[in-house]
Amino acid sequence: AQSVAQPEDQVNVAEGNPLTVKCTYSVSGNPYLFWYVQYPNRGLQFLLKYITGDNLVKGSYGFEAEFNKSQTSFHLKKPSALVSDSALYFCAVRDSSIKAAGNKLTFGGGTRVLVKP
Amino acid sequence: NAGVTQTPKFQVLKTGQSMTLQCAQDMNHEYMSWYRQDPGMGLRLIHYSVGAGITDQGEVPNGYNVSRSTTEDFPLRLLSAAPSQTSVYFCASSYGVSSGNTIYFGEGSWLTVV
């Protein structure tokens with residue numbers, strides 16, 4: 001069974017400082033990894049994904065994530081956080097070896113990011 | 001493009017009532033799905049569809065029905081609402097069923113069952 005862990009319920013960071021949101025995963029095969037962001041009372045917005053290739057993936061709004069196979073991690077990073085980055089962030093995984101249509105996206109529990117001015 | 005559109009955004013139901021959450025997408029996506037979001041649990045898959053006329057169960061299907069008569073629409077029906085179904089519901093879609101395809105989400109429907 002596949003799973004995702006986001007070990008921090010909340011991350012607090014000062015505006016202008018680097019932001020890191022941690023994610024580790026478990027799948028049987030090779031992972032497809034995704035990051036989504038959710039603003040209050042809104043849906044999930046896609047930020048970035050890792051499918052194959054370069055381990056450093058760049059996405060929307062200045063975010064990037066690094067795939068580390070040996071540590072089974074896919075941490076989300078932003079070099080300089082903005083107050084507007086305050087939101088709920090979700091990491092998700094799919095097992096690339098499962099070809100069935102029911103290969104669901106498994107989500108972590110979410111990490112709330114609070115960026116203070 | 002509107003993307004994935006869900007209605008209603010907010011709804012309060014009494015225990016035992018039935019209702020339908022509507023979902024439509026204008027991206028000609030084959031794959032559509034419904035998730036529920038509960039605090040600390042991320043999102044869990046309720047039902048999904050890989051095309052018109054084809055639906056299947058996800059990990060938490062009990063108490064919900066779906067149908068897919070057209071490519072665009074994928075309504076979720078609550079047959080007899082229970083307080084345990086109080087949640088935020090998200091409809092999602094993607095182009096094709098490849099695991100690497102990005103799934104796009106609607107704005108959500110906040111449902112309270114009293």
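With the requirement that a residue be within 21 Å of residue A:36 (Cβ to Cβ) and polar (S, T, N, Q), what does the stretch B:13-48 give you?
The answer is B:25, B:33, B:37.
Check B:71, B:15, B:20 and return the single one that is away from every other protein chain (no Cβ under 13 Å), in contact with a helix residue (DSSP H, G or I) (Cβ under 8 Å, 6 or more places away or on another chain) and either outside any loop (DSSP other than H, G, I, E, B) or of a type in the set (Val, Ile, Thr) (or both).
Checking each option against the conditions leaves just B:15.
Just wondering, is there one or more residues in the stretch A:66-80 that are within 14 Å of the chain's Cα centre (by Cα) and exposed (fewer than 14 other Cβ atoms within 10 Å of the Cβ)?
Scanning the stretch A:66-80, I find at least one residue that is within 14 Å of the chain's Cα centre (by Cα) and exposed (fewer than 14 other Cβ atoms within 10 Å of the Cβ), so the answer is yes.
Would it be correct to say that residue B:81 is surrounded by 17 or more Cβ atoms within 10 Å (Cβ to Cβ), more than 13 Å from chain A (Cβ to nearest Cβ) and over 14 Å from the mean Cα position of the chain (by Cα)?
It is true that residue B:81 is surrounded by 17 or more Cβ atoms within 10 Å (Cβ to Cβ), more than 13 Å from chain A (Cβ to nearest Cβ) and over 14 Å from the mean Cα position of the chain (by Cα).
Which one of these does residue B:28 not meet: (1) at pLDDT 90 or above; (2) part of a strand (DSSP E or B)?
Only one criterion in (1) at pLDDT 90 or above; (2) part of a strand (DSSP E or B) is unmet by residue B:28, namely (2).
Just checking: which of the strands (runs of 3 or more DSSP E) contained wholly in the stretch A:2-117 hold 3 or more residues that are within 11 Å of chain B (Cβ to nearest Cβ) and within 24 Å of residue B:37 (Cα to Cα)?
A:3-5, A:31-38, A:44-50, A:87-95
Quick one: which of B:21, B:43 is crowded, with 17+ Cβ neighbours inside 10 Å, of a type outside the set (D, E, K, R) and closer than 15 Å to residue B:7 by Cα?
Checking each option against the conditions leaves just B:21.
Do you know which of the residues in the stretch B:84-114 that are within 14 Å of chain A (Cβ to nearest Cβ), in a strand (DSSP E or B) and of a type in the set (A, V, I, L, M, F, W, C) is surrounded by the most Cβ atoms within 10 Å (Cβ to Cβ)?
Looking at the filtered set, the residue picked out is B:91.
The values are calculated or read from the model by the stated rules, or taken from the named source; none is laboratory data. Bear in mind the structure is a predicted one, so any value in this text is a computation, not a measurement. With ideal geometry, Cβ positions are generated from the backbone for all residues, glycine too; neighbour counts draw on all protein chains shown.
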